[in-house]
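The values are calculated or read from the model by the stated rules, or taken from the named source; none is laboratory data. As the structure is a computational prediction, the values presented were derived from the model and not from experiment. Please note: Cβ atoms are built from the backbone with ideal geometry, for glycine as well, and neighbour counts cover all protein chains shown. Heads up: the accessible areas ignore ligands, DNA and RNA and are worked out on the full protein's heavy atoms, side chains in. Shrake-Rupley method; radii C 1.70, N 1.55, O 1.52, S 1.80 Å.
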Amino acid sequence: MTQEYVSLKDLADELGLTFSWLRIYVLRNGLKPHKRRTADSRNQLRLAVTTEEADFIRAKRREEGFLTECRVVSKETGVFYVIQLVPELDPRRIKLGFADDLAVRLSQHRTAAPTACVVKSWPCRRVWECTVMECIAGAECRLILNEVYECDDINALLARGDELFRLLPDPTIRTPLAEASPRNT
């Protein structure tokens with residue numbers, strides 16, 4: 001019985017991913033793509049997985065919160081972080097932002113800034129990110145680009161963050177619905 005294969009290109013198109021991202025995802029999940037000649041590649045070698053491995057990848061993506069239309073279900077809660085990007089060169093250069101998984105986010109930053117380190121983080125809702133950033137960056141910070149700032153007094157920024165998050169509710173507790181709410185089912 002011959003083994004059936006699905007090319008990574010076709011699987012990436014099906015899942016709405018880039019080929020390179022899917023290749024990394026496949027490797028991270030312990031699978032090793034096979035080189036196969038396919039009709040759609042004009043008989044050129046192309047990376048592929050078995051149909052069973054393709055089914056595993058599809059199921060894993062669904063399990064991780066990706067819907068059939070390939071859009072991630074983003075987590076509502078996570079952390080707001082302050083990261084020093086290059087502490088040994090310029091400790092004033094910081095990155096502010098939200099992450100649902102801080103370890104993953106830090107490793108992403110470390111691809112461009114290998115010595116980046118987390119200065120502080122607070123539990124946060126995703127929808128608070130812009131407001132929190134505007135609030136705490138007002139502590140003697142200047143925007144460089146996107147969410148990267150030059151901050152003259154990081155301790156003042158952290159104190160503002162502590163004060164703000166002390167006032168905010170627990171991000172994991174949702175406001176209960178009123179009986180008259182149309183959201184009640």
Checklist entry - Applying the selection to the range 143-160, what residues are farther than 15 Å from Val79 by Cβ and open to solvent by less than 100 Å² (accessible area, probe 1.4 Å)? => result Ile144, Val148, Tyr149, Glu150, Cys151, Asp152, Asp153, Ile154, Ala156, Leu157, Ala159, Arg160
Next on the checklist: Scan the range 114-132 and tell me whether some residue there is over 15 Å from Ile83 (Cα atoms), of a type in the set (D, E, K, R) and surrounded by 10 or more Cβ atoms within 10 Å (Cβ to Cβ).
Outcome noted: yes
Checklist outcome for this item: Taking the range 63-88 and the residues there that are modelled with pLDDT under 85 and out of contact with any helix residue (DSSP H, G or I) (no Cβ under 9 Å at 6 or more places or on another chain), the one that is surrounded by the fewest Cβ atoms within 10 Å (Cβ to Cβ) would be Glu69
Next on the checklist: With the requirement that a residue be aliphatic (A, V, I, L, M) and either surrounded by 15 or more Cβ atoms within 10 Å (Cβ to Cβ) or not in a loop (DSSP other than H, G, I, E, B) (or both), what does the range 169-185 give you?
Outcome noted: none
Checklist entry - So which residues in the range 6-36 are open to solvent by 70 Å² or more (accessible area, probe 1.4 Å) and in contact with a Pro (Cβ under 9 Å, 6 or more places away or on another chain)? => result Arg23, Leu27
Item to check | So Glu163, is it among the acidic types (Asp, Glu), surrounded by fewer than 17 Cβ atoms within 10 Å (Cβ to Cβ) and within 26 Å of the chain's Cα centre (by Cα) | outcome: no
Checklist entry - Only one of (1) of a type in the set (Val, Ile, Thr); (2) in contact (Cβ under 8 Å) with a residue 40 or more places away in the chain; (3) buried (at least 16 other Cβ atoms within 10 Å of the Cβ) is not met by Thr51, so which one is it? => result (3)
Checklist outcome for this item: Among residues of the range 89-100 being free of Cβ contacts under 8 Å to residues at least 40 places away in the same chain and closer than 29 Å to Pro169 by Cα, the residue surrounded by the fewest Cβ atoms within 10 Å (Cβ to Cβ) is Asp100
Checklist entry - Just checking, how many residues over the range 116-149 are part of a strand (DSSP E or B), of a type in the set (D, E, K, R) and touching an Asp or Glu at 6+ places or on another chain (Cβ under 8 Å)? => result 2
Next on the checklist: So, Leu157, is that one over 30 Å from Gly16 (Cα atoms), assigned to a loop (DSSP other than H, G, I, E, B) and among the hydrophobic types (A, V, I, L, M, F, W, C) or not?
Outcome noted: no
Checklist entry - (1) modelled with pLDDT under 95; (2) surrounded by 11 or more Cβ atoms within 10 Å (Cβ to Cβ); (3) within 19 Å of the chain's Cα centre (by Cα): which one isn't true of Ala103, the others all being true? => result (2)
